[in-house]
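Undergrad: Before I ask anything, here is the structure I am working with.
The values are calculated or read from the model by the stated rules, or taken from the named source; none is laboratory data. Model, not experiment: these values are computed from the prediction. Quick reminder, even Gly has a Cβ in these numbers, built from the backbone with ideal geometry, and neighbours come from all protein chains shown. Ligands, DNA and RNA are stripped out before the accessible areas are found, and what is left, the full protein with its side chains, is counted by its heavy atoms. Shrake-Rupley method; radii C 1.70, N 1.55, O 1.52, S 1.80 Å.
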Amino acid sequence: GDSVTQTEGPVTVSESESLIINCTYSATSIAYPNLFWYVRYPGEGLQLLLKVITAGQKGSSRGFEATYNKETTSFHLQKASVQESDSAVYYCALGDNYAQGLTFGLGTRVSVFP
Amino acid sequence: EAAVTQSPRNKVAVTGGKVTLSCNQTNNHNNMYWYRQDTGHGLRLIHYSYGAGSTEKGDIPDGYKASRPSQENFSLILELATPSQTSVYFCASGSLKQDTQYFGPGTRLLVL
């Protein structure tokens, strides 16, 4: 089946430092799945951070970026300068384009300290 | 604004009892999903639906039933709850093209 592996947390980083959360995937049901980053801020529900549905493309949102790399089957999330408000749990996910639900990684808890 | 709501938000149940978790969406999405999240696991798909009257098994359907009586509502039913079903359950809705799923706030279920 499909699977997603991401950086094991927790990750602690100081404000204004850079952040990278690694994500690699294995998709057996489809050659080029849709790729997503979801985020859950403290006390809130899961929400979409960014998505990329075309291999080779980059998605961006709220200062975060992720590039869909089909050669390395990776979709790493990066931010050049984090803020305390970026403290959250981040989930990498893939979709098979057949609306049969998403496959999620375990989530990475990120804590940003001032 | 897309909206998915779940009820109850917290539930304590006894082993062997029946539990129904409800989900309502106002996005007019055809597809709806139930996931559970446990420590050491990402969200795992239990059941999903393509529309009213339709239910499909996800990756971990054993011990669960689902019901989709209308476009807006999707329920998850535990006929005989077990402690292993203690978890946080998330409902989501999505469009036909699997573009984005919108999630509810989650329901914490404790089975004693």
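Undergrad: Which is closer than 26 Å to B:Gln6 by Cα and either away from every other protein chain (no Cβ under 12 Å) or touching a Leu at 6+ places or on another chain (Cβ under 6 Å) (or both), of A:Gly63, A:Gly95, A:Gly56, A:Gly45? Outline the logic, then answer.
TA: Working: A:Gly63 fails: closer than 26 Å to B:Gln6 by Cα; A:Gly56 fails: closer than 26 Å to B:Gln6 by Cα; A:Gly45 fails: either away from every other protein chain (no Cβ under 12 Å) or touching a Leu at 6+ places or on another chain (Cβ under 6 Å) (or both).
Of the residues listed, the single one that is closer than 26 Å to B:Gln6 by Cα and either away from every other protein chain (no Cβ under 12 Å) or touching a Leu at 6+ places or on another chain (Cβ under 6 Å) (or both) is A:Gly95.
Undergrad: Would you be able to say whether some residue in the stretch B:67-76 is of a type in the set (Asp, Glu) and at the interface with chain A (Cβ under 8 Å from one of its Cβ atoms)? Steps first, answer last, please.
TA: The initial filter retains those residues of the stretch B:67-76 that are of a type in the set (Asp, Glu), namely B:72.
Pick out the ones that are also at the interface with chain A (Cβ under 8 Å from one of its Cβ atoms) and you get none.
No: zero hits.
Undergrad: Would you please name the residue that is farthest from the chain's Cα centre (by Cα), looking only at residues in the stretch A:67-99 that are open to solvent by less than 30 Å² (accessible area, probe 1.4 Å) and without any contact (Cβ under 8 Å) to a residue 40 or more places away in the chain?
TA: Residue satisfying both the conditions and the ranking: A:Ala99.
Undergrad: I'd like the full set of residues that are within 21 Å of B:His41 (Cβ to Cβ), free of Cβ contacts under 8 Å to residues at least 60 places away in the same chain and surrounded by fewer than 19 Cβ atoms within 10 Å (Cβ to Cβ), limited to the stretch A:1-39.
TA: Listed by number, the residues that qualify are A:Asn22, A:Thr24, A:Ser26, A:Thr28.
Undergrad: Further question on the same structure: So which of B:Ala52, B:Ala81, B:Ala66 is surrounded by 13 or more Cβ atoms within 10 Å (Cβ to Cβ), modelled with pLDDT of 95 or more and in contact with a His (Cβ under 6 Å, 6 or more places away or on another chain)? Even if it seems obvious, please write down each step before you answer.
TA: Details: B:Ala52 fails: in contact with a His (Cβ under 6 Å, 6 or more places away or on another chain); B:Ala81 fails: in contact with a His (Cβ under 6 Å, 6 or more places away or on another chain).
Exactly one residue qualifies, and that residue is B:Ala66.
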